[in-house]
Amino acid sequence: MEKPAKAVRRKGRAVTIDEVALQAGVSPMTVSRVINGQGQVRDSTRERVMRTVHELGYRPNLAASTLAAAQHTCIALIYTNPSSSYLRELLVGALSGSARAAAQLVIASWDALDADAQRNAARQLAGNVAGVILPPPLSESEAIVSEFVNAGIPVVSIASGRLGDDISCVRIDDVLASREITEHLIRHGHRRIGYIKGDPHHTDSEHRFTGFKTALRDAGIVLDDALVAQGYYTYRSGLDAAEQLLSLDEPPTAIFASNDDMAAAVVSVAHRRGIDVPGGLSVVGFDDTFAATMVWPELTTVRQPIAQMADTAIDILLRALRRRDDSARTVINHVVPHQLIARDSVAPLDAATSARPHRDAESPEGPRPPHG
């Protein structure tokens, strides 16, 4: 069978779905199903389509048919996410999408509310907004989601692994992305890889751990439970997890922290212990928030386009509002392409074994350079 000809486009012109289909060797309908997470598509086909979407820079224009629905529309973005860098990207995208669509955006933080207070707040808010955007962990709460859904308010979750028939979702493939960045470490010769898990209340945390385990299994590496530490997507939890992993009698040569905040904390602990990154320890993160480039060396990570996802969530809500008269509620599972971003925090295993400092016989944590 001949390989499909690559799509050719003029510089400056938007890529079309037909061009993506031609280069991926599938039909435009298959491309649409993959992007919107609808229908049954083989994993190999889905991966090929998403890779082509990324290579060509294709982005569906969901907003084109929704502008008219935005006038006098109030949308709420509610968050309790502990990562400041993640929140920054989320707000940038939501503000951009609402401004472009001329919709009013209400931003609410429920950090100080317990479960009962959150449910009461949801019940009150449902009477004043037309749609709601929920990032995790709120999007994982059945009680919160049901308050809005039962009130007839369309909900879009962002970066959540919670899939169902009641709310739409904008996400990346966390399992695939996590597997790819783990394979990146393995290609550099690392086999003793530490892993810092995310918040156990987030389904994407489990999906990322699944991708990590899959990559190890495919490479014939047995998972060592001692190399797995619990984190909570916060910098503080990353510090504690890094101390735990680097205090092992046989510490890892690489650590995969499941978000950038925790990965930045790993770099900090390594520096404090006199371990060169990446010479003595390779470190990777996830999300590609500004935290990934605020440390030295800058982090190799997975780019999850959080701002774009929030922007897209606005478009999906506006489309849902235009269909309010439809008898059937349309739920969209919109999968956004991710990207492995290789920076300077990963080195081949040979460098890690030669650059790691010797442990101090009098200190179980090894030598620590003075601060300053």
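What follows draws every value from the coordinates through simple rules; no lab data is involved. Keep in mind that what you see is a predicted model, and the values were worked out from it rather than measured.
Looking at the P(r) of segment 203-316, how many percent of alpha-carbon pairs lie beyond 19 Å? The calculated P(r) of segment 203-316 puts 47 percent of pairs beyond 19 Å. Coordinate range of the alpha-carbon atoms in segment 83-213 per principal axis, descending: 56, 34, 29 Å.
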